[in-house]
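Only one structure is covered here, and it is reproduced in the block below.
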Amino acid sequence: MRPSTSLGNAEKLESPLSMTQVHIIGAGIHPFGRTEGRSGRDQGVFAVHQALADAGLAWTDIECAYGGSEAAGNADIMVNELGLTGLPFINVSNGCATGGSALASARNAVASGQCDIAMAVGFDKHPRGAFNAQPGDWGLPEWYGETGMMLTTQFFALKIQRYMQLHGISRATLGKVAEKAFRNGTLCDHAWRRSPVDLDTILNAPMVNDPLTKYMFCSPAEGAVALIIASEKKARELGADGVKISSIAVRTRPPGSFEVFAPAISVERGGKPTELASQAAYEAAGIGPEDIDVAQLQDTESGAEIMHMAENGFCQDGEQEQWLAEGRTELHGELPVNTDGGCLACGEPIGASGLRQVYENVVQLRGRGGARQVPGNPKTAYSHVYGAPGLSAVAILER
Amino acid sequence: MSMPLPVAEGLWTDEAEPRLIGGRHMQTGEIVFPMPEGDAAQHYAPLPLSPTGTLWSWTSQDFRPKSPPYTGPEEFVPFLLGYVELPGEVIVETHIEGAVLSDLKLGMAMELVLIEFAPGRTTFAFRPSA
């Protein structure tokens, strides 16, 4: 059957009337990059301990937990290290949206009144050169892989190439996105790439898939993030330094979207999962893109950040050229984007990557960003993760 | 020397000027490529697709893809690939032959050819129309 174009009940998921407000009261991170001798799950435990300390809580205070990884095993085994408190610990396995789905679930558990304090954790540990997809795993014919057309990097290049032609985006602008990411990474203690890379080096580096050079892609990496979620009542009782979750929306692709691993696509072009998630998140939060003070946008490669600026409503298609030229997405710009260096500087441990964005927004809204702190006491923060086979998760936080 | 073998059966028609074989959904009329296999096939009727179209996007493959699944030559030669829109039918991902990067423009006319992508093995490609 042809999939329905109606979104049906999906529109109602973000803000049921009965739900209470929910806050992030603790945030922990294991530095991203490569940590020899420490498993992905142990990095997760590290992040949980840090989040608990940040919230001033003990593991015994956590009433339920959601977590997962793409390639580093089940999250619930963490109870061996954290303590056998008997809490329900639900494993989440949702590809690139693993972290976002864990956070959405933890938030819903608190909002529905099921518990007052919940935890979301995501972690991963990918070897160098991971992400080697096989056709059978994706329901695709073998010839697609045999002929060399089944690479995620090709998809990103094909998407931005067309976008550049249609909307007048230059190669230099792609380079500026990467240059900004590495510059922000130098100021961020959880980033992997801590050295600046100049524009010429980025543009003249070996080509992976035209127009994207090797410095314009993020790499598989390791890392972990944990967030402690609490009801408003509990947050007040604890006197927590909390940040409100205004909305979270997770969406899968509508008909006619252009996604990775597609031997063919429909001539009838349709919507995008990011646009759906973004609109739902804004609507539930009751604010618009013009109200956002800082944003973390999925930047698997430079082109993704460019396109996601428009897909998330921050600018019109093509305006990114001017935005980058004027430095509007720099730390001191009108809308700082990827303040911790994003995926480009932090690498991409799939299960942790979406939660890293939320972690960074918590840091920024609390004013704890240090050298990378966005000026002017930001009040609203936006995060967006995107992944195969066409899904997006958006979270809007407010102080 | 034996004839090179297609990378898969049923991808294109066996005629002097081959055409890709897609599938037309029996209820909705939507055209897909390749023709679905297994249980999904019952909903589709095979349909030879237009051998000409226009360039929708493109990129280069500058390093050797991992094997498996790639079965191209060990001595890797970079290649071009992209999507070609077959008017009113479907947009197919394809190798691009007979062009260099600087030749390629959005919307340019393309035509189907068969290429030997690995010794003794053929696949489909599109090249700029003569």
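Are there any pairs with C-beta distances below 6 angstrom linking a residue in region A:275-295 that is farther than 19 Å from A:Val358 by Cβ to a residue that is among the charged types (D, E, K, R) and open to solvent by 10 Å² or more (accessible area, probe 1.4 Å), with the two at least 6 apart or on different chains, and if so which?
These pairs meet every condition: A:Glu275/A:Glu311; A:Leu276/A:Arg251.
For region B:3-14, does any single residue satisfy the condition of being facing another protein chain (nearest Cβ under 9 Å), open to solvent by 30 Å² or more (accessible area, probe 1.4 Å) and under 22 Å from B:Phe126 (Cβ atoms)?
So in region B:3-14, the residues facing another protein chain (nearest Cβ under 9 Å) come out as B:6-8, B:11.
Narrowing the set further to residues that are open to solvent by 30 Å² or more (accessible area, probe 1.4 Å) leaves B:6.
The next check asks that each one be under 22 Å from B:Phe126 (Cβ atoms); those that pass are B:6.
Within region B:3-14 (the criterion being facing another protein chain (nearest Cβ under 9 Å), open to solvent by 30 Å² or more (accessible area, probe 1.4 Å) and under 22 Å from B:Phe126 (Cβ atoms)), the answer is yes, since at least one residue qualifies.
Suppose we filter A:Pro196, A:Pro206 for residues that are surrounded by fewer than 19 Cβ atoms within 10 Å (Cβ to Cβ), at pLDDT 95 or above and under 19 Å from A:Arg372 (Cα atoms); which single one remains?
Exactly one of A:Pro196, A:Pro206 is surrounded by fewer than 19 Cβ atoms within 10 Å (Cβ to Cβ), at pLDDT 95 or above and under 19 Å from A:Arg372 (Cα atoms), namely A:Pro196.
Only one residue in A:Ala221, A:Ala205, A:Ala226 is in contact with a Phe, Trp or Tyr (Cβ under 9 Å, 6 or more places away or on another chain) and within 14 Å of chain B (Cβ to nearest Cβ), so which one is that?
Values: A:Ala221 fails: within 14 Å of chain B (Cβ to nearest Cβ); A:Ala226 fails: within 14 Å of chain B (Cβ to nearest Cβ).
So the residue among A:Ala221, A:Ala205, A:Ala226 that is in contact with a Phe, Trp or Tyr (Cβ under 9 Å, 6 or more places away or on another chain) and within 14 Å of chain B (Cβ to nearest Cβ) is A:Ala205.
Taking A:Ala133 as the residue in question, decide whether it is within 14 Å of chain B (Cβ to nearest Cβ), within 28 Å of B:Leu106 (Cβ to Cβ), open to solvent by less than 40 Å² (accessible area, probe 1.4 Å) and at pLDDT below 95. Reasoning before the result, please.
Numbers: within 14 Å of chain B (Cβ to nearest Cβ): yes; within 28 Å of B:Leu106 (Cβ to Cβ): yes; open to solvent by less than 40 Å² (accessible area, probe 1.4 Å): yes; at pLDDT below 95: yes.
Spelling it out, A:Ala133 is indeed within 14 Å of chain B (Cβ to nearest Cβ), within 28 Å of B:Leu106 (Cβ to Cβ), open to solvent by less than 40 Å² (accessible area, probe 1.4 Å) and at pLDDT below 95.
On the given criteria, is B:Gly72 within 7 Å of chain A (Cβ to nearest Cβ) and open to solvent by less than 30 Å² (accessible area, probe 1.4 Å)?
Working: within 7 Å of chain A (Cβ to nearest Cβ): yes; open to solvent by less than 30 Å² (accessible area, probe 1.4 Å): yes.
For B:Gly72, the condition - within 7 Å of chain A (Cβ to nearest Cβ) and open to solvent by less than 30 Å² (accessible area, probe 1.4 Å) - is met.
Can you find, within region A:30-44, the residue that is most open to solvent (accessible area, probe 1.4 Å) among those that are on the phi < 0 side of the Ramachandran plot and assigned to a loop (DSSP other than H, G, I, E, B)? Write out each step before concluding.
To start, the set of residues in region A:30-44 that are on the phi < 0 side of the Ramachandran plot comprises A:30-32, A:34-36, A:38-44.
In the following step, the residues that additionally are assigned to a loop (DSSP other than H, G, I, E, B) were identified as A:34-36, A:38-39.
Working: A:Arg34: 64, A:Thr35: 33, A:Glu36: 151, A:Arg38: 88, A:Ser39: 50 Å².
My answer is A:Glu36.
List the number of the failed condition for B:Pro36; all other conditions in (1) more than 28 Å from A:Gln161 (Cα to Cα); (2) open to solvent by less than 60 Å² (accessible area, probe 1.4 Å); (3) in a strand (DSSP E or B) hold.
Single failed check for B:Pro36: (3).
Does any residue of region B:86-97 turn out to be more than 9 Å from chain A (Cβ to nearest Cβ) and in a loop (DSSP other than H, G, I, E, B)?
Narrowing region B:86-97 to residues more than 9 Å from chain A (Cβ to nearest Cβ): B:96-97.
Checking the rest, the ones that are also in a loop (DSSP other than H, G, I, E, B) come to B:97.
Yes, because at least one residue in region B:86-97 is more than 9 Å from chain A (Cβ to nearest Cβ) and in a loop (DSSP other than H, G, I, E, B).
Quickly run through region A:158-187 and pick out the residues that are away from chain B (no Cβ under 14 Å) and within 10 Å of A:Gly303 (Cα to Cα). So that I can check it myself, show each step before the final result.
Restricting attention to region A:158-187, the residues satisfying the condition of being away from chain B (no Cβ under 14 Å) are A:170, A:172-173, A:175-187.
If the condition is that a residue be away from chain B (no Cβ under 14 Å) and within 10 Å of A:Gly303 (Cα to Cα), then A:Thr173, A:Gly175, A:Val177, A:Ala178 are the ones that fit.
Please verify whether B:Gly53 is surrounded by 22 or more Cβ atoms within 10 Å (Cβ to Cβ) and either farther than 20 Å from A:Val260 by Cβ or of a type in the set (Asp, Glu) (or both), treating the condition exactly as stated.
Working: surrounded by 22 or more Cβ atoms within 10 Å (Cβ to Cβ): yes; either farther than 20 Å from A:Val260 by Cβ or of a type in the set (Asp, Glu) (or both): yes.
Against the criterion (surrounded by 22 or more Cβ atoms within 10 Å (Cβ to Cβ) and either farther than 20 Å from A:Val260 by Cβ or of a type in the set (Asp, Glu) (or both)), B:Gly53 qualifies.
The values are calculated or read from the model by the stated rules, or taken from the named source; none is laboratory data. Just so it is clear, the model here is predicted, and its values are computed rather than measured. Cβ coordinates were reconstructed from backbone atoms using ideal geometry, including for glycine residues, and neighbour counts include every protein chain displayed. SASA here: full protein model, heavy atoms, side chains in, ligands and nucleic acids out. Shrake-Rupley method; radii C 1.70, N 1.55, O 1.52, S 1.80 Å.
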